[in-house]
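Some notes on the structure that comes next.
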Amino acid sequence: MRILNRIKRAAPVLGGKFTTNTYMHGENGWIDGHFLGTKPPISYSLVLQTTICEYKELVRSRAWEMSYELAPEQELSLFDGAVKDPKTGHYVSRQCEPYRYPELGNMTRLQWCEAQHQNIADSGEIQVFEKWTLHHDYHRSVGLHATIDVPFLTIEAVNAFIGRFLMTEADFLDPTPHTYRYEQVSYWGLDSNALAEPWEWGAAVNQQSIDDEKATPDGVCLQSVSVES
């Protein structure tokens, strides 16, 4: 009943099939959401991503694996460089610069991994598939982890996926592999999402527009100040 009520409340924005607390701006790579099955009271807790989103994650994971094959983690003592605070008597660790590994060209692990993304992507060794699997170990609903072949997770793409899934409500695997070259991926950073209920999106966007208008070229928000004479 709670999910149904949230779906109804979000219907003017999302169309009436699902609800999510992920702000959908038209270029999401992944979202979480909920929707109802065809046989009440079954509901689904959805984790949905694009093939490109999964591909990026696998490329990044492969780069980290390669870095550890070449250079095991350095175990630095917690007390290396620690100094005693004369006021409290406690030892305080100084902030250390990230370790640069000779085996990784004297780069930090993160720098080296990011430098490998293009080579790994262009090698063609990473493949992803359109698929979804059911997970029955969730507490209040059935888990559904899905990867679909769309550029971004728009509201229309999510509704279309739900329609496809509800035709069978079963696991699915498309045997056609998908792979991408480095330049086909517009953004190689982490895909982060803002959290907001759909019925709050309009107010949040309007407030952001107001804040942007108040901002100076340096990004400092101007505030009106009343002065009494």
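The values are calculated or read from the model by the stated rules, or taken from the named source; none is laboratory data. Since we're looking at a predicted model, the values are computed, not measured. Please note: Cβ atoms are built from the backbone with ideal geometry, for glycine as well, and neighbour counts cover all protein chains shown.
Things to note:
- Filter pass, Leu190 being of a type outside the set (S, T, N, Q), out of contact with any Asp or Glu (no Cβ under 8 Å at 6 or more places or on another chain) and within 25 Å of Ala115 (Cα to Cα): yes
- Residue match in the stretch 95-102 (condition: of a type in the set (Ser, Thr, Tyr) and modelled with pLDDT under 95): yes
- Neighbours by Cβ (under 8 Å, 6+ apart or cross-chain): first from the stretch 85-100, closer than 26 Å to Cys113 by Cα and among the aromatic types (Phe, Trp, Tyr); second part of a loop (DSSP other than H, G, I, E, B) and at pLDDT 75 or above: Tyr99/Gln74
- Filter result for Ser67 (more than 30 Å from Lys8 (Cα to Cα), among the small types (Gly, Ala, Ser) and modelled with pLDDT under 95): no
- Residues of the stretch 1-33 classified as farther than 27 Å from Tyr187 by Cα and in a strand (DSSP E or B), total: 1
- Apart from one condition, Leu104 fits all of (1) buried (at least 17 other Cβ atoms within 10 Å of the Cβ); (2) touching a residue at least 40 places away in the same chain (Cβ under 8 Å); the exception is (2).
- Once the stretch 17-42 is narrowed to residues that are buried (at least 19 other Cβ atoms within 10 Å of the Cβ) and small (Gly, Ala, Ser), the residue that is farthest from Asn193 (Cα to Cα) is Gly33.
- Test: residue in the stretch 99-107 that is within 30 Å of Gly26 (Cβ to Cβ) and of a type outside the set (Ser, Thr, Tyr): no
- In the stretch 1-24, the residues that are over 18 Å from Ile42 (Cβ atoms) form Cβ pairs under 9 Å with partners that are of a type in the set (Gly, Ala, Ser) and outside any loop (DSSP other than H, G, I, E, B), at six or more places apart or across chains, as follows: Val13/Gly202; Leu14/Gly33; Thr20/Ala10; Thr20/Gly33; Asn21/Gly33; Thr22/Gly33; Tyr23/Ala204.
- Of all residues in the stretch 28-65, those satisfying the criterion of being among the acidic types (Asp, Glu) and within 11 Å of the chain's Cα centre (by Cα) are Asp32, Glu54, Glu57.
- Yes/no for Lys87 being part of a strand (DSSP E or B) and either out of contact with any strand residue (DSSP E or B) (no Cβ under 6 Å at 6 or more places or on another chain) or of a type in the set (Lys, Arg) (or both): no
- Here Leu110, Leu58 are screened, and the one residue that is among the aliphatic types (A, V, I, L, M), within 30 Å of Ile155 (Cβ to Cβ), at pLDDT 95 or above and assigned to a helix (DSSP H, G or I) is Leu58.
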